[in-house]
Amino acid sequence: MSRTESTISQARRLCHQLFFTSCVKEKRQGEHEALLRQRPHWSVLKKEEQIQKIDQGESIPFDITLPLPARDERAGSDAGVNLFWELFSCQRCGRCCFTPGAGLYLEKEDFERIAAHMGKKKLQSLCRYDKTLQAWILRQPCPFFDSKSGCKIYQIRPQTCTKYPLHPPSPDMPYHLAADAFCPGAREFAKNTLGWWIICENHWAELLGRLEADGAQKER
């Protein structure tokens, strides 16, 4: 990693530490709109290009990094997650449920909760046991999804389902929320919040200025 890249990474880390609360507040209040009127920004100038990239999630698996801070161990750090769920609109398409795949990992608590509802043997018949993970994997397409009524165990669904479409942050952007681009609702959220990046970038620029000034002072 070059010195410049290291400084940028440090600025983003500091941004997450110092501004995660104000960052969410500014976005909630729509402060990006005034900033976008003040200067050109890629979220406006290259909006169509960005939308095309996001829409590739329809057929190409990848995660979208969102302009909201990821949760960490600090109290109140779930502000970004909370704002996501406030604005996220599930399309109720069921794609995350009926798409064939490797299967859905069930936490021990998930398995016990669902088994108490329908019976252990019946649930096992809908799963495969992974000896490496030592866990039950629910087969996909999900046997609990109904094309007309949706999820048949919605109130006791697995933890993974309650968090979807959010995924762990990407290694390149570890301080931001990430969402599965396969989800139509996640893609709409990403498109509608492109302008929020100007707030992130303003904070990064402020911190970069401080870090560079500190570095220059130390070299004297």
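Please treat every number below as a calculation from the coordinates, not as lab data. Fair warning: this is a prediction, and the values are worked out from it, not measured in the lab. All Cβ positions, even for glycine, are placed from backbone atoms using ideal geometry, and neighbour counts span all protein chains on display.
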Between helix 197-219 and the chain: long-axis angle, C-alpha atoms, 0 to 90°, nearest 10: 50
The chain: most fluctuating residue of 65, 193, 99 per GNM, C-alpha cutoff 10 Å: 99
Per-residue HN-Hα couplings for region 52-66 [Karplus 6.51, -1.76, 1.60; θ = phi - 60°; Hz; x = Gly/Pro]: 4, 5, 4, 5, 5, x, 4, 10, 10, x, 6, 9, 9, 7, 9
Amide H contacts of residue 66 (H built 1.01 Å from N, under 5 Å, at least 5 apart or other chain): 177, 178, 179
Within straight-line cross-link reach of residue 25, lysines at Cα separation under 21 Å, skipping those fewer than 8 residues along the same chain: 191
Measure of compaction for the chain (Cα Rg per 2.2 N^0.38 Å): 1.22
Residue-wise HN-Hα coupling along region 172-181, computed from phi with Karplus coefficients 6.51, -1.76, 1.60 (Hz; x: Gly, Pro): 6, 10, x, 9, 10, 5, 10, 9, 6, 5
Partnerless cysteines, meaning none of the other Cys C-beta atoms lie under 4.7 Å away, in the chain: 15, 23, 90, 93, 96, 127, 151, 161, 183, 200
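Among 49, 26, 212, rank each residue by its count of other Cβ atoms within 10 Å, from fewest to most, as a rough exposure measure.
49, 212, 26
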Integer Hz, Karplus 6.51/-1.76/1.60 couplings in order for region 13-18, x for Gly and Pro: 5, 5, 4, 5, 6, 9
Charge dipole (region 98-147, unit charges on Cβ, about Cα centre) - positive-most of 140, 124, 103: 124
Candidates 133, 177, 83: whichever shows maximal mean-square fluctuation once the chain is modelled as a Gaussian network with Cα springs under 10 Å: 133
About the Cα centre, charge dipole magnitude for the chain (Lys/Arg +1, Asp/Glu -1 at Cβ), debye: 720
Within a Gaussian network of the chain (alpha carbon springs, distance under 10 Å), most fluctuating of 163, 47, 122: 122
